[in-house]
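Here's the structure we're looking at; comments come further down.
Here, each number is a calculation from the coordinates, and none is a lab measurement. Bear in mind the structure is a predicted one, so any value in this text is a computation, not a measurement. Note that each Cβ is placed from the backbone with ideal geometry, even for glycine, and that neighbours are counted across all protein chains shown.
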Amino acid sequence: MSLELKAGVRVLGLRPELLLAIQVAEGLWAEHGTPTLVITAGIDGAHKRQSFHYSGVAVDLRINTVAPAQRDALVTKLRAALGPDYTVIHEAIGQPGEHVHVHFLPAEAY
């Protein structure tokens, strides 16, 4: 298992809770035949104005290295493993920018 950052990705300022999510994701990606997890966005990138990325509580993860037939199962496993304080969204399905968005927002913050 290994971890890579896409060129230009900035992680300075990510909340520690995201490190747990990344570690869990790394293991799940490996289980699905992808030994390297690539973070495609941290606090950088072009996102909506109020994006969780800018406050350091979100990351995007590359999923196009996982077989298409396994992607839904992988996202479901990640969602279950992280629990209710994390939101896991499979975005841009079938498009070149397909990825998994993960953000941390504890239930008590609602």
Rounded to one decimal in Å, the inverse mean reciprocal Cα-Cα distance for segment 1-56, i.e. its Kirkwood radius, is 12.0 Å
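With a 10 Å Cβ neighbour count serving as the proxy for reagent exposure, in which order, fewest first, do Asp85, Asp72, Asp60 appear?
Asp72, Asp85, Asp60
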The exposure ranking of Arg62, Arg79, Arg10, fewest beta-carbon neighbours within 10 Å first, is Arg10, Arg79, Arg62
Among His53, His32, His99, the residue with the largest mean-square fluctuation in a Gaussian network model of the chain built from Cα contacts under 10 Å is His32
With 0.36 nm assigned to each residue of separation and the Cα-Cα distance removed, Ala73 to Glu4 gains 22.6 nm
The residues Glu4, Glu17, sorted from fewest to most surrounding Cβ atoms within 10 Å, come out as Glu4, Glu17
For segment 81-86, in residue order, the Karplus 3J(HN,Hα) values (coefficients 6.51, -1.76, 1.60; θ = phi - 60°; whole Hz; Gly and Pro = x) are 5, 7, x, x, 7, 10
The long-range amide H neighbours of Tyr86, using H built 1.01 Å from N in the peptide plane and a cut-off of under 5 Å, are Leu105
Per the rule of 0.36 nm per residue minus the C-alpha distance, extending Asp85 to Leu19 adds in nm 22.4 nm
Rounded to the nearest whole number, the per residue volume of the convex hull around the C-alpha atoms of the chain in Å³ is 100 Å³
Computed over the chain: longest principal axis from alpha-carbon atoms vs helix 16-31 long axis, angle to nearest 10 degrees, is 10 degrees
Phi angles of segment 54-61, converted by Karplus (6.51 cos²θ - 1.76 cosθ + 1.60, θ = phi - 60°) into ³J(HN,Hα) in whole Hz with x for Gly and Pro, give 5, 9, x, 10, 9, 9, 10, 10
